[in-house]
Amino acid sequence: MTHALPPAPHDAVETDVVIIGAGPVGLFAVFELGLLDLRCHVIDVLDKPGGQCAELYPEKPIYDIPAWPVITGQDLVNRLLEQIEPFAPTFHHQQLVEGLTRLDDGRWLVETDGGVKLAAPVVFIAAGGGSFTPKRPPLPGIEGFEGTSVFYAVRKRETFAGKDLVIAGGGDSALDWALALRTEAKSVTLVHHRDGFRAQPHSVSALRDAVAAGEIGLHIAKLAGLEGADGRLTDVRLENAAQGSFVVPADALLPFYGLTMKLGPIADFGLNLNENLIPVDTEAYETSRPGIFAIGDINTYPGKLKLILSGFHEAALASQKAFRYARPEERLRFQYTTSSTTLQKRLNVA
Amino acid sequence: MKIQVTDRAGETHVLDALEGWRVMEIIRDHGLPIKAECGGACACATCHVYVDADWQDLLHPPTDEEIEMLDTTPSVEPASRLSCQILFRPELSGLSVTLAPEDL
């Protein structure tokens with residue numbers, strides 16, 4: 001059975017390469033593609049570039065980046081952003097890629113949950129461990145309350161005016177929102193598993209004051225269950241050694257446990273997958289679909305090492321083949337940045 | 001030297017253990033499902049395990065950094081540890097842990 005492929009939608013933005021993932025490998029791909037004069041759009045679910053390096057370990061030292069005896073995750077990201085600046089990539093942050101569709105002219109249409117539409121002959125998937133999503137408390141039936149009574153972020157403060165709120169977690173998000181929302185909410189109860197908080201010290205002392213003043217309820221307990229029906233929460237069940245199982249009234253629960261990675265919609269792109277990794281060839285790091293490449297931690301091949309430097313190498317080789325898709329009528333001349341004035345002009349140094 | 005790991009389906013696996021390896025690395029090397037997404041930097045809490053009561057006192061107590069990172073998993077319990085922060089040594093032969101739920 002054959003299906004007619006769709007044409008590019010009129011509102012799609014055209015580019016040479018769409019890069020999914022703004023981690024170090026996605027960023028370095030902008031550089032390698034830029035040297036070949038290919039334009040890139042970069043999509044990432046986070047609100048900032050850097051991927052894991054920026055989200056999980058910005059302050060941690062990395063010792064195996066060539067020529068950098070030691071560099072932190074965030075400094076590596078900052079250096080890469082400086083290095084790709086001449087190529088002026090377009091970033092689309094806080095966007096989750098939901099669709100990857102072949103077009104009638106052989107290009108790919110990339111669509112995000114925020115309505116971004118990009119048409120390009122080449123897509124680089126540099127999505128690491130997948131997209132960052134909020135950690136979800138393992139409570140039975142929680143899915144049924146998400147979006148109506150359970151929220152992993154505060155989009156509109158008005159939503160919570162006059163409501164009984166339970167906020168869970170011990171970091172800055174949990175404390176900042178507990179302190180902020182106590183003014184308009186009917187009640188705010190903070191739930192944390194221990195009587196200690198990793199949030200900024202000034203937030204912790206503000207919280208202690210608010211608890212002492214009776215403005216915020218504090219329970220050292222764990223979340224044990226949700227009560228309510230049809231997506232409407234009435235109570236959150238808590239549990240601890242001293243009190244056993246008990247409930248606090250709640251119109252909304254805001255769990256703030258940070259982010260974790262999951263593969264997400266990439267699983268539905270029609271690519272071959274091997275244990276949530278994308279198999280690629282080792283000449284060009286291309287997937288089972290022509291023009292779709294996978295580089296960095298998300299790919300797999302014999303001998304694969306999940307190292308940032310492996311991803312950099314993969315980006316360089318994938319870019320060579322990407323050029324053939326994007327500029328089929330041109331010959332690719334291999335040049336060095338040390339000697340080529342063409343490359344130096346692209347880098348704005350000649 | 002062995003460790004015993006109970007997976008999320010309740011099945012128990014006895015794994016060969018090597019001195020100096022992190023327990024997370026031993027579990028990962030045997031192909032059991034442990035995300036360990038930060039790679040052992042005590043920066044993500046996705047190598048979270050519950051340590052059997054008999055073994056808790058033999059482990060070095062968690063650092064402040066580990067305690068704070070355990071705050072980021074909603075499945076935290078008194079028996080919780082990050083397996084990337086447990087270095088295997090011969091006295092731990094027989095160590096028994098259970099993989100915590102994935103926070104997805």
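Things to note:
- Accessible area buried at the A-B interface, both sides summed, 1.4 Å probe (Å², nearest 100): 1800 Å²
- Rolling a 1.4 Å probe over the heavy atoms of the protein chains gives the range A:226-280 an accessible area of 48 Å² per residue.
- Note on B:L104: accessible area is roughly 70 Å² with a 1.4 Å probe, heavy atoms of protein only.
- When all protein chains stay in place and ligands, DNA and RNA are ignored, the 1.4 Å accessible-area order of B:D54, B:D71, largest first, is B:D54, B:D71.
- Shown is the FRET efficiency for A:E158 and A:Q83, computed with R0 = 30 Å from the Cβ-Cβ distance and rounded to the nearest 0.05: 0.10.
- When you restrict to C-alpha pairs under 8 Å that are six or more residues apart and normalise by the size of the range A:137-257, the relative contact order lands at 34 percent.
- A:T337 sits with roughly 60 Å² accessible to a 1.4 Å probe, with DNA, RNA and ligands left out of the calculation.
- Shown for the protein assembly as shown: the carbon plus sulfur share of the solvent-accessible area, taken with all protein chains present and a 1.4 angstrom probe, equals 51%.
- In chain A, the calculated helix contribution to ellipticity at 222 nm averages -6500 deg cm²/dmol per residue, counting -39,500 (n - 2.57) for every DSSP H run with n ≥ 4.
- Label-point separation, A:D47 to B:H13 (7 Å along Cα→Cβ), nm: 3.8 nm
- Panel note: contact residues of the range B:72-104 (accessible area lowered by at least 20 Å² against the chain on its own; 1.4 Å probe) correspond to B:T72, B:P74, B:V76, B:E77, B:D103, B:L104.
- Dipole orientation for the range A:137-257: of the candidates A:S205, A:G231, A:V166, A:S205 has the Cα lying most toward the positive pole (charges on Cβ; Lys, Arg +1; Asp, Glu -1).
- The mean accessible area for residues of the range A:4-158, using a 1.4 Å probe and ignoring ligands and nucleic acids, is 43 Å² per residue.
- The range A:246-261 versus the range A:303-347: alpha-carbon centroid distance in Å: 46 Å
- Mean Cα-pair separation over length for chain B, i.e. relative contact order, pairs under 8 Å, 6 or more apart, %: 40 percent
- Crossing angle, helix A:73-84 versus chain A [Cα axis fit, 0-90 degrees, rounded to tens]: 40 degrees
- Shape category assigned to the range A:137-257 from the gyration tensor of Cα positions, a/c cut at 1.5: oblate
- Close amide H contacts of A:S187 (hydrogens built in the peptide plane, cut-off under 5 Å, sequence separation of 5 or more or a different chain): A:K163, A:D164, A:L165.
- Computed FRET value (nearest 0.05) for A:L263 with A:A242, which takes r as the C-beta separation and R₀ as 35 Å: 0.30
- Once the Cα atoms are used to define both axes, helix A:24-35 deviates from the longest principal axis of chain A by about 30 degrees.
- Ordered by solvent-accessible area of protein heavy atoms (1.4 Å probe), largest first, the residues A:H202, B:H30 come out as A:H202, B:H30.
- Over all other residues within a Cβ to Cβ distance under 15 Å of A:I308, the charged ones net out to -3, with Lys and Arg as +1 and Asp and Glu as -1.
- Per residue, the range B:17-104 exposes 42 Å² of solvent-accessible protein surface, assessed with a 1.4 angstrom probe and all protein chains in place.
- Using θ = phi - 60° and Karplus 6.51 cos²θ - 1.76 cosθ + 1.60, couplings along the range A:328-342 (whole Hz; Gly, Pro as x): x, 8, 9, 8, 8, 9, 7, 9, 9, 5, 5, 10, 8, 5, 4
- For the range B:61-75, the Karplus equation 6.51 cos²θ - 1.76 cosθ + 1.60, evaluated at θ = phi - 60°, returns couplings of x, x, 6, 4, 4, 5, 4, 5, 6, 5, 4, 8, 10, x, 8 Hz by residue, with Gly and Pro reported as x.
- For the range B:44-53, 3J(HN,Hα) computed residue by residue from phi via the Karplus equation (6.51, -1.76, 1.60; θ = phi - 60°) reads 8, 6, 9, 10, 5, 9, 9, 8, 4, 3 Hz, glycine and proline entered as x.
- Largest to smallest accessible area among A:I220, A:I65 [probe 1.4 Å]: A:I220, A:I65
- Amide H contacts of A:G225: A:R237, each under 5 Å away and 5 or more positions distant or on a separate chain (H built 1.01 Å from N in the peptide plane; Pro and chain starts excluded).
- Per-residue SASA entry for A:R346, accessible area with 1.4 Å probe, Å² rounded to 10: 70 Å²
- Other-chain or far-sequence residues with amide H under 5 Å of A:T287's (modelled H): A:I292, A:F293, A:A294
- Computed on chain A, with alpha-carbon pairs under 8 angstrom and 6+ residues apart, the relative contact order is 19 percent.
- Qualifying trypsin sites (Lys or Arg not before Pro) for the range A:255-318 [loop in DSSP, other Cβ within 10 Å: at most 11]: none
The values are calculated or read from the model by the stated rules, or taken from the named source; none is laboratory data. Bear in mind the structure is a predicted one, so any value in this text is a computation, not a measurement. Don't worry about glycine lacking a Cβ; one is built from the backbone with ideal geometry, like all the others, and counts go over all protein chains shown. The protein model used for the area step is the full one, side chains on, heavy atoms only, and it has no ligands, DNA or RNA in it. Shrake-Rupley method; radii C 1.70, N 1.55, O 1.52, S 1.80 Å.
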